[in-house]
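Since every read-out is calculated from the coordinates, none of them should be taken as a lab result. The shown structure was predicted, so the numbers you read here are calculated from the model rather than taken from an experiment. Here the Cβ positions follow ideal geometry from the backbone for every residue, glycine too, while neighbour counts run over all protein chains shown.
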Amino acid sequence: MKKSIFLLLTILFAALGVGAQEWNDSIRITYKLHGQTRRFNTVFRRLAGGGAEMSWEIERNLKMWRGTYTMTPHAVKEGTAMSFIMPEDGKHVTLPDNETFAILSQKAYNILRDSGRMEWGGATFRLDSIANERLYATDTIEGARITVLDNQGFPLVTSMQDNPLEINWTATLISRATHQRIKSRRR
């Protein structure tokens, strides 16, 4: 009976997609850039003091590549830009105090949600709508579109489309079984 309930909940959360996303869940981020597609398995976790870390891995040339991006407490709380640093195997990068990776800062999220506009990385984003537990916003000059999880504690950018840098992505929740396999490989 417990297995049936667990299976049912797993299917439910998978059907809900990123809407059920929280810290420490595994997320697959699929990047499309310059005609290439790359699928990264990631885990975001909170750090003591309010910072955050995104661990990532990708299979390349029959080898598993791994690394991390660390966001400072100041960046998670008040960051003003997103980093687009390309991942390198074995690199553990601490981002500057104003940059996050794949999440909005809490301040940027609050400004976008409350006022309908935010400055982010030199661009002005206008809130188009709030639906399905997500914020939908568009860059008023270059037309980039972002979708952000409507969660002040974890404002994951679940997609970016029409990015002028040609780095577009979508983020989806990985099944719990895959999450457990990823965790066991890291040990």
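What the table below lists for this structure:
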item	result
Sum of side-chain charges, residue 150 neighbourhood, beta-carbon under 10 Å (Lys, Arg +1; Asp, Glu -1)	+1
Prolate/oblate/rounded label for the stretch 111-181 (Cα gyration tensor, a/c 1.5)	oblate
Residues with amide H under 5 Å from that of residue 124, placed H, sequence gap 5 or more	140, 141
Magnitude of the charge dipole, the stretch 54-187, Cβ model with Lys/Arg +1 and Asp/Glu -1, debye to 20	840 debye
Backbone HN-Hα couplings from phi across the stretch 24-37 [Karplus 6.51/-1.76/1.60, Hz, Gly and Pro as x]	6, 7, 8, 10, 9, 9, 9, 9, 10, 9, 6, x, 10, 10
Extended-chain gain in nm, criterion 0.36 nm per residue less alpha-carbon gap, residue 97 and residue 74	7.7 nm
Rounded to whole Hz, the Karplus (6.51, -1.76, 1.60) HN-Hα couplings of the stretch 152-167, x for glycine and proline	4, x, 8, x, 5, 7, 7, 7, 9, 10, 6, 5, x, 7, 6, 10
Distance from the stretch 97-158 to the stretch 53-72 (C-alpha centre basis), Å	24 Å
Segment residue 141-residue 170, length gained on full extension (0.36 nm per residue, minus Cα span)	8.3 nm
For residue 163, net neighbour charge (Lys/Arg +1, Asp/Glu -1) across residues whose Cβ lies under 11 Å away	-2
Computed label-point distance, nm, for sites residue 133 and residue 88 using a 7 Å Cα→Cβ extension	3.7 nm
Percentage relative contact order, the stretch 47-187, counting C-alpha pairs under 8 Å, at least six apart	14 percent
